[in-house]
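Presented below is the structure to which this report refers.
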Amino acid sequence: MNKDKKDIDIIKEILDWNIELFSLIIERYEEKLYKYIIQITNIDNQDVEDLLQDIFIKVYKKLNEYNSNYKFSNWIYKITYNYILDNYKKINKKNKNELDLDKNFINNNWDIFSLLDIIEDKNNNIEDNVKRNELFLLIRNSILKLEPKYKNVLILKYFHELSYDEISDIMRIPINSVWTLINRAKKRLKNELLKSNILNYL
């Protein structure tokens, strides 16, 4: 069955003019990239869908440039990341860094335990739900304020659970640079959090 095929096999068939199989690529990666775009940009759902459509068009047009020595999943993340960087100023105008607490923050786009992992907080037993939501919003909003390269490396590592090798592949930087970026990103995040009196929530 087509759904059991590896990415590379699907791509070969698409390049051999079995174009309808591109729908499988969309099906496999739409949800992951949707979350990734929201985490990087925090734009509205409709804007995410428009952006995602543009990205899949770009992926399709660049399929013949895909190098099978790299994982396709890494390649499609790289296309997405670069597209966001190239359009960052335009996207950032729509960026809403603050969300109201009455919106459903604890959802599939931001995993609460991943947020706590980033700040290395093992206290997962915050009793006050309002206080808990405020803490998660605080961490999330602080991540969104980071420079794109720092924000990206944290999101790929903690929310998409990619390895250092995979992040290195996506960002086209050496593995030791990934390690450095993650550590710098966490320090910058800590500084942002300290400005927001995070100790009131821990």
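Coordinate-derived values only; no laboratory data. Only a predicted model underlies this, so the values are computations on that prediction, with no experimental measurement involved. Neighbour counts run over all protein chains shown; Cβ positions are idealised from the backbone, glycine included.
With 31 Å as the limit on Cα-Cα distance, the pairs of Lys6/Lys58; Lys58/Lys131; Lys71/Lys190; Lys6/Lys61; Lys5/Lys145; Lys61/Lys187 that go past it are Lys58/Lys131; Lys71/Lys190; Lys5/Lys145; Lys61/Lys187.
The label-point distance for Ile19 and Trp179, in a model that sets each label 7 Å from Cα toward Cβ, rounds to 4.7 nm.
Between Glu27 and Asn197, take the C-beta separation as r, use R0 = 35 Å, and let me know the FRET efficiency to the nearest 0.05. Don't skip to the answer; put the middle values down first.
Details: r = 44 Å, r/R0 = 1.25.
Once rounded, the FRET efficiency stands at 0.20.
The residues neighbouring Leu156, those whose beta-carbon lies less than 12 Å from its own, together hold a net charge of +2 under the Lys/Arg +1, Asp/Glu -1 convention.
How many times 2.2 N^0.38 Å is the alpha carbon radius of gyration of region 1-96?
Details: Rg = 13.9 Å, N = 96, 2.2 N^0.38 = 12.5 Å.
Expressed relative to 2.2 N^0.38 Å, the Cα Rg reads 1.12.
Could you calculate the contour length gain from Gln53 to Lys149, that is, 0.36 nm times the residue separation minus the distance between their Cα atoms, to one decimal place in nm?
Details: separation 96, 0.36 × 96 = 34.56 nm, distance 2.31 nm.
Stretched fully, the Gln53-Lys149 segment lengthens by 32.3 nm.
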